[in-house]
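Just below is one structure, and these are the notes that go with it.
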Amino acid sequence: MKISKNCFFFLLLLPAMVLFTVFFIVPVGQSLLLSLTDAYGMGTAYRFIGLQNYIEALQDSSFLQTISTTLIFSAIAVIFGNIFSLILAFLLDTKLAGRNFLRSVFFIPNIMSLLIVGYVWSFVYSDAIPDVISRLNLGGVLQGSILGNSETVILALAIAAIWNCAGYYMIIYLAALQGISDDLIEAAQIEGAGAKDILFRIKLPLISPTIVMCLILSISSHLKVFELPFTMTSGGPAGSSMTMVLKIYNTAFGSGQTGLATAESTIFFVLIASITLVLTRIMKSREARI
């Protein structure tokens, strides 16, 4: 009886296991093998060269620069994006007039394609903001183009990314906040707890697992950013907004160096996995202390 039950469960899992193997395990294995070759373009003739692609990638200063650029962009977008989403969630968790309408408004940017978001914000930075500044006679405020300045381009991209995803994380935080029992809040108020105590001693600790989840999701999402730099700057000026995914794309489809691009993507995967693992362990230990 037990064996037949195990077979039944195995048969239920079998389609998912087959799909996972075909569409994930096999492609990952093929990518790892391809990264060890001198594959070029769409050609099928290539030879084994070992770790040469990985050595070349790690010695390429432009590729190493994309790592720091991606990390800086991700740090800005993750930290300020989650803070902004939390503020929106706390605001809309109150008895605010029109809060249901505001929830929909804040969520709308998330359903837009990042390509569209990139083109919209490119227009905002290149035309709308300079036009407003010129009409207000504030020419000294903006020195040159926002997207053409290496000191402001990463921040500009991060603002566009935050605008796009803030509503999504806001909904997740809002769901977590609404899962907190009103009786718990009322009991704390009866005991004399103020708004600050309720926020930092009750609400934030209770939604800390949700915060961890949103941090991991946002880190994974922002590290893989491609559409925004692709549409807004093409990696410029002078490569200052070139992210890792855009660099891999240019290596594969611009230069046709398929083997090298696959090695770069493998390094990228290891980077994301390492950051996610470290963050998960830190947050879990902090959550346990709380």
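On the stretch given as segment 206-240, residues that are surrounded by 21 or more Cβ atoms within 10 Å (Cβ to Cβ) and either under 16 Å from residue 155 (Cβ atoms) or free of Cβ contacts under 8 Å to residues at least 24 places away in the same chain (or both) total 7. Annotation for segment 154-173: no member residue is at pLDDT 85 or above, out of contact with any helix residue (DSSP H, G or I) (no Cβ under 6 Å at 6 or more places or on another chain) and outside any helix (DSSP H, G or I).
Per-residue answers, yes or no, for (1) buried (at least 19 other Cβ atoms within 10 Å of the Cβ); (2) among the aliphatic types (A, V, I, L, M); (3) closer than 27 Å to residue 40 by Cβ; (4) in contact with a His (Cβ under 8 Å, 6 or more places away or on another chain):
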site: 192; (1), (2), (3), (4): no, no, no, no
site: 197; (1), (2), (3), (4): no, no, no, no
site: 200; (1), (2), (3), (4): no, no, no, no
site: 204; (1), (2), (3), (4): no, yes, no, no
site: 251; (1), (2), (3), (4): yes, no, yes, no
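Scanning segment 70-114 for residues that are among the polar types (S, T, N, Q) and either farther than 28 Å from residue 245 by Cα or without any contact (Cβ under 8 Å) to a residue 12 or more places away in the chain (or both) yields 94, 100, 104. The residue pairs whose first member lies in segment 27-46 and is closer than 17 Å to residue 251 by Cβ, whose second member is part of a loop (DSSP other than H, G, I, E, B) and β-branched (Val, Ile, Thr), and whose beta carbons are closer than 9 Å, counting only pairs six or more residues apart or on different chains, are 36/49; 37/49; 38/49. Within segment 239-246, does at least one residue satisfy the condition of being of a type outside the set (Ser, Thr, Tyr) and closer than 25 Å to residue 167 by Cα? Taking every residue of segment 239-246 in turn, at least one turns out to be of a type outside the set (Ser, Thr, Tyr) and closer than 25 Å to residue 167 by Cα. When segment 64-107 is filtered for residues that are not charged (D, E, K, R) and not in a helix (DSSP H, G or I), the ones remaining, listed by number, are 94, 96, 97, 98. Taking the numbered list (1) assigned to a helix (DSSP H, G or I); (2) β-branched (Val, Ile, Thr); (3) at pLDDT 85 or above in turn, residue 180 passes all entries but (1). Within segment 253-271, if we keep just the residues that are surrounded by 17 or more Cβ atoms within 10 Å (Cβ to Cβ) and either without any contact (Cβ under 8 Å) to a residue 60 or more places away in the chain or hydroxyl-bearing (Ser, Thr, Tyr) (or both), the residue that is farthest from residue 75 (Cα to Cα) turns out to be 258.
Among residues of segment 160-189 that are acidic (Asp, Glu), none has a beta-carbon under 8 Å from a residue that is at pLDDT 90 or above at least six positions away or on a different chain. Taken over segment 39-64, the criterion of being surrounded by 16 or more Cβ atoms within 10 Å (Cβ to Cβ) and either within 26 Å of residue 228 (Cβ to Cβ) or touching a Pro at 6+ places or on another chain (Cβ under 7 Å) (or both) is satisfied by 57, 63.
Looking only at segment 32-48, decide whether some residue is over 30 Å from residue 172 (Cβ atoms), part of a helix (DSSP H, G or I) and of a type in the set (Asp, Glu). No, every residue in segment 32-48 fails to be over 30 Å from residue 172 (Cβ atoms), part of a helix (DSSP H, G or I) and of a type in the set (Asp, Glu).
Residues that are assigned to a loop (DSSP other than H, G, I, E, B) and closer than 21 Å to residue 253 by Cα within segment 50-63 comprise just one, 60.
Filter segment 85-109 down to the residues that are crowded, with 17+ Cβ neighbours inside 10 Å and within 24 Å of residue 220 (Cα to Cα) and list them by number. Across segment 85-109, the qualifying residues are 85, 86, 88, 89, 106, 109. If you go through segment 16-38 and keep only what is among the hydroxyl-bearing types (Ser, Thr, Tyr) and exposed (fewer than 13 other Cβ atoms within 10 Å of the Cβ), you end up with just 21.
The values are calculated or read from the model by the stated rules, or taken from the named source; none is laboratory data. Given the structure is predicted, the values throughout are model-derived calculations rather than measurements. Glycine also receives a Cβ, built like all others from the backbone with ideal geometry; neighbour counts cover every protein chain displayed.
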